[in-house]
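Peer 1: There's a structure below that I have some questions on.
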Amino acid sequence: METNKYLVEFLGTLLLIYVVLATGNPLAIGAATALIILIAGPVSGGHLNPAISVAMASAGKIEVAELLPYIIAQVLGGLVALELYRRYKM
């Protein structure tokens, strides 16, 4: 289904940003990034970042029409991660 890739980008970005906020640990961030890309890559490309999505659209790797939904999913994922971090940080 087409919306799956946007959901995967949302969830992947959410997890990555949460790990960044919660740990600040480069090893944890790198491990999370690798794991998320391994899981998300086959479904959505594993961009996890609007800048990467823009570059992929510019390179013709994704359709330009897909760019806005990718960016919206990624930004919303980051905002949800921030809100979760704010509410549940210890």
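Peer 1: Residues that are polar (S, T, N, Q) and under 14 Å from Ile17 (Cβ atoms): does segment 60-79 have at least one? Reasoning before the result, please.
Peer 2: Pass one, segment 60-79, residues polar (S, T, N, Q): 74.
Narrowing further to those that are under 14 Å from Ile17 (Cβ atoms): 74.
Yes.
Peer 1: Considering segment 28-48 alone, what residues qualify as being touching a residue at least 24 places away in the same chain (Cβ under 8 Å) and either over 18 Å from Leu14 (Cβ atoms) or among the polar types (S, T, N, Q) (or both)?
Peer 2: Once the filter is applied, which keeps residues that are touching a residue at least 24 places away in the same chain (Cβ under 8 Å) and either over 18 Å from Leu14 (Cβ atoms) or among the polar types (S, T, N, Q) (or both), segment 28-48 yields only Ser44.
Peer 1: Just to check your reading of the model, which residue among Ala51, Ala55 is more than 12 Å from the chain's Cα centre (by Cα) and free of Cβ contacts under 8 Å to residues at least 24 places away in the same chain?
Peer 2: The unique qualifying residue is Ala55.
Peer 1: Only one of (1) more than 9 Å from the chain's Cα centre (by Cα); (2) at pLDDT 95 or above fails for Ala73. Which number is that?
Peer 2: (1)
The values are calculated or read from the model by the stated rules, or taken from the named source; none is laboratory data. All values derive from a computational prediction rather than experimental measurement. Using ideal geometry, Cβ is built from the backbone for each residue, glycine included, and neighbour counts are taken over all protein chains shown.
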